[in-house]
Amino acid sequence: MKKLSIFTLALLTVSALMLTSCLGSNDGDSYITPEEQHSAFLAASGSYTGDCIFMKAGSATEKDSADVSWSLVTDSTLTIQNFPLKPLAENVSNTELKEAMEKLSDTTLDCYIGFYQSNPPTLLINPKPIDLNLSYAGADHKVRIYFYVNNYYSAGVYDAETRTLTMTLIEAAVYVDDSQTNMLDGDKAFQLVGKKF
């Protein structure tokens, strides 16, 4: 994976924050109107339970899953409860960091969102980084896991007929003590499939 500078990631984060305001403009481009965004949000809003699906460590074909739940209660934020840290750790090449991450409980993952299509309701998902304070290799470290943002591979679509929201998130980078590392063995995708209750 190409190394991203902290400046690049900061720029991507700022772009994510600007996403909501940009999606509402209707100056001849293909963006949906604020009314269409609100309609899409109303259709998809609610609480969901389902599965987080990912490839098993060391396999290109075998999948595994974990139970997750999430809530979409505003038109700009999404909160995923009990997001699994173990599959994030499986993609880390540093053995000591991997073992430290595997000992942690699941976490809450907050995301910025922006609807860009109303039929079916479709949204970009920009996860905030996951911050971990870990002790490994004889020292305490601040570890930050980044996901791709403002990327059409990091998105979701709501099926009103089945009341199902399907989303994809992609692990992108690992920072240790505010410096990017090469400890990530490529990108890792997570597909979340859940039903509204």
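At a glance:
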| item | result |
| --- | --- |
| Order by protection proxy (mean Cβ within 10 Å, highest first), peptides 130-143, 85-98 | 85-98, 130-143 |
| Probe 1.4 Å - accessible area at D64, Å² to nearest ten | 60 |
| Accessible area per residue, Å², region 37-184 with all protein chains present, probe 1.4 Å | 46 |
| For M55, solvent-accessible area (1.4 Å; no DNA, RNA or ligand), Å² | 60 |
| Net charge dipole size for region 21-156 [Lys, Arg +1 and Asp, Glu -1 on Cβ; Debye, nearest 20] | 300 |
| Relative frequency of Cα-Cα separations exceeding 16 Å in region 88-197, percent | 62 |
| Greater than 28 Å apart at Cα, pairs in K63/K142; K98/K196; K142/K195; K98/K195; K86/K142; K142/K196 | K63/K142; K98/K196; K142/K195; K98/K195; K142/K196 |
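The values are calculated or read from the model by the stated rules, or taken from the named source; none is laboratory data. Nothing here was measured: the structure is a model prediction, and the numbers come from that model. Please note: Cβ atoms are built from the backbone with ideal geometry, for glycine as well, and neighbour counts cover all protein chains shown. Note: accessible area is taken over every heavy atom of the protein model, side chains too, but ligands, DNA and RNA are not part of it. Shrake-Rupley method; radii C 1.70, N 1.55, O 1.52, S 1.80 Å.
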